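Only the coordinates and a few stated rules stand behind these numbers; no lab work does. Computed from a predicted model, the values in this text were never measured in an experiment. Methodologically, a virtual Cβ is constructed for each residue, glycine included, from the backbone with ideal geometry; neighbour enumeration extends over all protein chains shown.
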Amino acid sequence: MAKRKSGDYFNFGRGLSIVFAIIPITSFLFGIVTRFKEKKYVAGILRLFTGWNIIYLLDLIFIISKGKITRLINC
């Protein structure tokens, strides 16, 4: 069985994670769920209230360039 590459959104591959990051609604929802899954509640709440602006663009840039979302706030 081939080992699956881990991406940032629920261990999807990099290509599928990029597609999900490009679509605003999936980026918003997956971003919130991912923050709460990592037990970063403050970051999840901030994402919930500010997720449609600069955070969306930063997630998109990080997922394309690095293959994962870099955490700017470590809460």
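Key figures for this structure:
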quantity: Virtual spin-label span in nm between I25 and L58, 7 Å along Cα→Cβ; calculated: 2.5
quantity: Ellipsoid semi-axes in whole angstrom, largest first, where each is sqrt(5λ) of the Cα gyration tensor of region 15-54; calculated: 18, 12, 6
